Ligand SMILES: NC(=O)c1ccc[n+]([C@@H]2O[C@H](COP(=O)([O-])OP(=O)(O)OC[C@H]3O[C@@H](n4cnc5c(N)ncnc54)[C@H](OP(=O)(O)O)[C@@H]3O)[C@@H](O)[C@H]2O)c1
């Protein structure tokens with residue numbers, strides 16, 4: 001297999017979403033396969049990550065106007081894994097499996113900046129987009145800030161999602177008690193099978209009672225992946241001196257905070273009377289933690305103690321649907337879209353392991 005037999009397309013931003021993201025906000029376009037120059041290599045992308053944070057970057061006024069809008073026509077950015085098929089870079093060889101921000105396309109050129117070689121212990125390449133990549137590293141960086149002690153309990157919203165699944169896996173390995181919040185019975189069962197000690201169903205009428213039952217001593221840390229109105233139900237189950245750790249505000253990324261109520265007075269009361277702390281964190285800029293994270297996760301996955309959870313869709317053109325789906329009908333685990341099968345340079349069996 002070579003250039004002549006490969007399809008080369010990209011997904012471009014057709015317009016900035018107006019409220020809810022729609023597949024019609026994107027266009028699939030053909031493009032030529034680029035040629036690597038000196039010091040560059042060509043990546044044939046195998047699987048692309050689908051991340052809720054992307055909704056912020058394609059907004060007409062990202063971060064309330066703090067960032068310039070992404071130009072219409074740009075290739076949609078995002079993390080991906082791929083195989084190197086051509087190289088003029090002395091450190092990267094044909095057949096290397098790499099992870100980087102290669103975007104929503106079949107081929108990407110790179111000079112190696114920000115590119116990680118995928119650890120073979122992770123097994124399937126797309127595992128480097130789940131617990132072995134950005135979601136796992138986000139969980140890891142958040143847990144560093146959380147600084148949980150043995151005997152303490154962490155409560156996690158969006159627990160069945162990519163970051164939440166990784167939090168569950170990492171805390172289980174560390175002997176911390178974890179309570180997850182998820183929507184629906186399927187996700188509740190999934191979480192109980194994947195590291196969580198108890199689960200509260202945010203869609204159930206007795207959600208607050210489920211939280212209270214799961215947290216008799218309260219939550220020492222609330223790892224919040226979603227924000228939104230649910231905070232009002234969490235405050236009563238926070239333990240004195242607890243930490244609200246803001247990882248993401250997914251419930252508000254489409255512009256609709258869906259609150260209809262102002263949680264601020266209740267939050268301030270809880271800060272005052274329970275001594276709660278509230279803090280946001282970002283995995284961005286935490287590169288110093290990366291080697292320890294890579295080792296811990298590769299060992300956990302390689303030894304079979306943790307099984308990466310993925311929801312895999314097929315075909316580059318599915319990416320816009322998969323992004324919209326994160327907000328409409330989320331599924332357990334990390335959502336990735338497989339956009340190509342590996343060429344002969346990569347043994348196909350490493351893909352089968354993730355099925
Ligand atoms: N701080 C950082 O450095 C960093 C890095 C990466 C990602 N993030 C953020 O981390 C969060 C999780 O990312 P992810 O990749 O794990 O996303 P994901 O895989 O899409 O999972 C998110 C989960 O959130 C829940 N959810 C979605 N909409 C919700 C709503 N309106 N109210 C309550 N729950 C809702 C869903 O679960 P249920 O329906 O089952 O509840 C879903 O499984 C996002 O906010 C993302 O932006 C932060």
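Structure notes:
- Search result, residues across region 135-164 that are assigned to a helix (DSSP H, G or I), within 8 Å of the ligand (Cβ to nearest atom) and touching a strand residue (DSSP E or B) at 6+ places or on another chain (Cβ under 7 Å): 135, 142, 162, 164
- Any hit, region 132-146, residues being free of Cβ contacts under 8 Å to residues at least 12 places away in the same chain and out of contact with any helix residue (DSSP H, G or I) (no Cβ under 9 Å at 6 or more places or on another chain): no
- Residue within region 260-271 that is in a loop (DSSP other than H, G, I, E, B) and either surrounded by 20 or more Cβ atoms within 10 Å (Cβ to Cβ) or under 16 Å from the mean Cα position of the chain (by Cα) (or both) present: no
- Region 223-253: number of residues that are touching a residue at least 40 places away in the same chain (Cβ under 8 Å), closer than 17 Å to residue 281 by Cα and more than 8 Å from the ligand (Cβ to nearest atom): 4
- Count - residues of region 87-105 that are within 21 Å of residue 316 (Cα to Cα), out of contact with any helix residue (DSSP H, G or I) (no Cβ under 6 Å at 6 or more places or on another chain) and either modelled with pLDDT under 95 or in a loop (DSSP other than H, G, I, E, B) (or both): 3
- Some residue of region 281-296 being under 19 Å from residue 164 (Cβ atoms), in contact with a strand residue (DSSP E or B) (Cβ under 9 Å, 6 or more places away or on another chain) and either in a loop (DSSP other than H, G, I, E, B) or within 9 Å of the ligand (Cβ to nearest atom) (or both): yes
- Members of region 178-198 that are more than 10 Å from the ligand (Cβ to nearest atom) and assigned to a strand (DSSP E or B): 178, 179, 198
The values are calculated or read from the model by the stated rules, or taken from the named source; none is laboratory data. Since this is a predicted model, take the numbers as computed values, not measurements. Positions of Cβ are generated from backbone atoms using ideal geometry, with glycine treated the same way; all protein chains shown enter the neighbour counts.
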